[in-house]
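The structure under discussion appears below in the form of structure tokens.
The values are calculated or read from the model by the stated rules, or taken from the named source; none is laboratory data. Source: prediction; values computed, not measured. Using ideal geometry, Cβ is built from the backbone for each residue, glycine included, and neighbour counts are taken over all protein chains shown. These area figures cover heavy atoms from the full protein model, side chains too; ligands, DNA and RNA do not enter into them. Shrake-Rupley method; radii C 1.70, N 1.55, O 1.52, S 1.80 Å.
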Amino acid sequence: MKIVFDKIGSTAKPIELSSEGVKLEGTLKKSGYHQVTLDAHMSGSIELDCDRCGDTYNYDVDNKLQLRLSDIVSEDKDDLDIIEFLDGEIDISYILQSEINTFKNAYNYCDKCANSDEDFEVEY
């Protein structure tokens with residue numbers, strides 16, 4: 001889902017999108033001449049693989065997401081919550097997929113392994 005950057009006004013525009021079992025609901029609102037604020041909530045369930053035992057399990061997502069979106073190169077290197085869309089279109093699908101990949105790329109442990117104190121070693 002792409003939205004033209006210039007079509008976002010100072011009145012909050014509702015958005016809703018889902019992918020891989022995760023739903024993103026929120027608003028886009030112009031917060032400056034070259035900035036839009038995304039205020040959203042992510043909910044749903046992601047299928048993850050345990051990095052210890054290899055079992056697949058469902059992880060429930062319930063996160064608040066607040067990002068600043070810009071259509072110019074940001075000079076603020078300290079703020080990591082800025083996403084730049086230099087082609088003039090905000091790609092909400094890209095943002096949602098990026099957040100899902102953040103969960104998938106982290107170390108993930110199922111409930112069985114997260115609560116286990118025993119050493120785990122596998123010889124190949």
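Counting just the residues of the stretch 60-72 that are at pLDDT 85 or above and either open to solvent by 80 Å² or more (accessible area, probe 1.4 Å) or not in a strand (DSSP E or B) (or both), which one comes out nearest to LYS2 (Cα to Cα)? Among them, the one singled out is GLN66.
The lone criterion from (1) modelled with pLDDT under 70; (2) under 30 Å from GLY54 (Cα atoms) left unmet by THR102 is number (1). Please tell me if ASP91 is touching a helix residue (DSSP H, G or I) at 6+ places or on another chain (Cβ under 7 Å), surrounded by 13 or more Cβ atoms within 10 Å (Cβ to Cβ), within 22 Å of PHE5 (Cβ to Cβ) and in contact (Cβ under 8 Å) with a residue 60 or more places away in the chain. Criteria not met by ASP91.
Look at (1) loosely packed, with under 12 Cβ neighbours inside 10 Å; (2) modelled with pLDDT under 90; (3) not in a loop (DSSP other than H, G, I, E, B) and you find that GLU75 fails only one, number (3). Select from the stretch 94-114 the residues that are surrounded by 12 or more Cβ atoms within 10 Å (Cβ to Cβ) and of a type in the set (D, E, K, R) and write down the one among them that is nearest to ASN63 (Cα to Cα). If we take residues in the stretch 94-114 being surrounded by 12 or more Cβ atoms within 10 Å (Cβ to Cβ) and of a type in the set (D, E, K, R), then GLU99 is nearest to ASN63 (Cα to Cα).
Residues in the stretch 1-25 that are within 12 Å of ILE90 (Cβ to Cβ) and open to solvent by less than 70 Å² (accessible area, probe 1.4 Å): ILE3, VAL4, PHE5, ILE8, ILE15, LEU17.
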